[in-house]
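Taking it in order: structure first as structure tokens, then the write-up.
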Amino acid sequence: MGHGKIIHAVTHEYTNTYVPKNLSAISLVRLFDTDPEDESETTLGSILSENEYCKREDVFLIVKVHPRNLGKEATRVSIERSMKRLKTDYIDLVLIKAPSCDTKGFECDADENRGTWQESWKVMEEMNKTGSIRSIGVSNFKISQLKELMAEATVPVSVLQARFDLMKRNTKLRKFCNYNGIRFMAHSLLGFGWVKDGSTTNNPILSSSAVMLAARKYRTSPASILIRYALDRDITVVPRSSNQLHIALNKFSTSLDNQDSPEILEDLENIPHVP
Ligand SMILES: NC(=O)c1ccc[n+]([C@@H]2O[C@H](COP(=O)([O-])OP(=O)(O)OC[C@H]3O[C@@H](n4cnc5c(N)ncnc54)[C@H](OP(=O)(O)O)[C@@H]3O)[C@@H](O)[C@H]2O)c1
């Protein structure tokens, strides 16, 4: 997983509808970013185990631990449940989805979340050492929390998954990750985060004139432009799609030749944004 590689997120609808065909052309989909809160693990597990064209080592599986499962025992149970659903005896990357429960997307019931992310990390380190998890990381952590984690960790923090789009660039956090050898993986890259958090009803990024102009210039989709913008900044991307045409277009962003009129892509820098 790294610079220049495009990797795809997986959803329940996506696995049901498109994975069987796509896995016969495995070059299209190599990484699956699953979520324990939906059906993606179970569906993907069935498809992978039945697909004759796809070996386990051909795909990279990401599993997340929801903050309701923070703590020693709950985290172990959550990861083992994910492995069972995915029908695999190892996971390539496990992420703590958020450092704590909150009211903005990481809701927990009153009797949940009795443990801490520090306890979860220790369990993940143990599972890494026994080989059932190949690499470990976190999501939605701030710099202060990453510093605390790095001070305690005995296994490297391989990935931070956090929000990144043209209008919310998380520059300091990305610099911190680059400096400390943590791969920055963007979620919400295509701009729907602004719709999801209620800031606006239309995706302000996909409809931005600078993005549309660039898409027209390079004869591709606005989403491909956004993916390429992120890849050019050494950001790992996991664009989610349940649409086969979108998936193909998104993959095209890696081969997009942007040498002609590079100023059109540079204009994207000038879109008003939170650094
Ligand atoms: N760690 C976290 O807290 C967190 C939070 C959010 C997301 N994530 C993860 O990040 C990954 C990405 O998901 P996301 O929610 O951030 O979404 P995203 O990838 O930014 O956007 C997904 C949306 O973009 C649309 N789309 C994809 N390709 C397109 C194209 N070429 N043209 C037009 N529309 C296109 C999809 O619709 P179609 O299906 O119609 O293509 C879908 O509605 C997922 O794996 C998700 O689990 C993590």
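Restricting attention to the stretch 87-121 and to residues that are more than 23 Å from Ala153 (Cβ to Cβ) and within 15 Å of the ligand (Cβ to nearest atom), the residue that is surrounded by the most Cβ atoms within 10 Å (Cβ to Cβ) turns out to be Cys108. Could you please let me know if Thr154 is without any contact (Cβ under 8 Å) to a residue 12 or more places away in the chain, out of contact with any strand residue (DSSP E or B) (no Cβ under 6 Å at 6 or more places or on another chain), assigned to a loop (DSSP other than H, G, I, E, B) and away from the ligand (no atom under 13 Å from the Cβ)? Criteria not met by Thr154. Within the span defined as the stretch 86-102, one or more residues are more than 19 Å from Cys177 (Cα to Cα), part of a helix (DSSP H, G or I) and out of contact with any Pro (no Cβ under 9 Å at 6 or more places or on another chain).
Those helices (runs of 4 or more DSSP H) of the stretch 183-243 in which at least 1 residues are crowded, with 20+ Cβ neighbours inside 10 Å, within 8 Å of the ligand (Cβ to nearest atom) and among the polar types (S, T, N, Q), considering only elements entirely within it, cover 222-232. Select from the stretch 100-120 the residues that are over 18 Å from Lys196 (Cα atoms) and among the hydroxyl-bearing types (Ser, Thr, Tyr) and list them in ascending order. Those that are over 18 Å from Lys196 (Cα atoms) and among the hydroxyl-bearing types (Ser, Thr, Tyr): Ser100, Thr116, Ser120.
Leu268 meets the conditions (1) more than 9 Å from the ligand (Cβ to nearest atom); (2) not in a helix (DSSP H, G or I) in every case but one. The failed one is (2). Of all the residues that make up the stretch 133-166, how many are surrounded by fewer than 20 Cβ atoms within 10 Å (Cβ to Cβ) and acidic (Asp, Glu)? Number satisfying all stated conditions: 2. Taking the stretch 205-249 as the range and being touching an Asp or Glu at 6+ places or on another chain (Cβ under 9 Å), farther than 18 Å from Ser261 by Cβ and not basic (Lys, Arg) as the test, the residues that pass are Ile205, Ala230, Val238, Ser242.
The set of residues in the stretch 244-265 being assigned to a loop (DSSP other than H, G, I, E, B) and either in contact with a helix residue (DSSP H, G or I) (Cβ under 7 Å, 6 or more places away or on another chain) or crowded, with 20+ Cβ neighbours inside 10 Å (or both) consists of Leu256, Asn258, Ser261. In the stretch 59-73 there is at least one residue that is modelled with pLDDT of 90 or more, touching a Gly at 6+ places or on another chain (Cβ under 6 Å) and buried (at least 18 other Cβ atoms within 10 Å of the Cβ). Here Phe106 meets each of (1) over 17 Å from the mean Cα position of the chain (by Cα); (2) modelled with pLDDT under 95; (3) of a type outside the set (Lys, Arg) with one exception, condition (1).
The values are calculated or read from the model by the stated rules, or taken from the named source; none is laboratory data. Quantities reported herein were computed from a predicted structural model and do not represent experimental measurements. Glycine also receives a Cβ, built like all others from the backbone with ideal geometry; neighbour counts cover every protein chain displayed.
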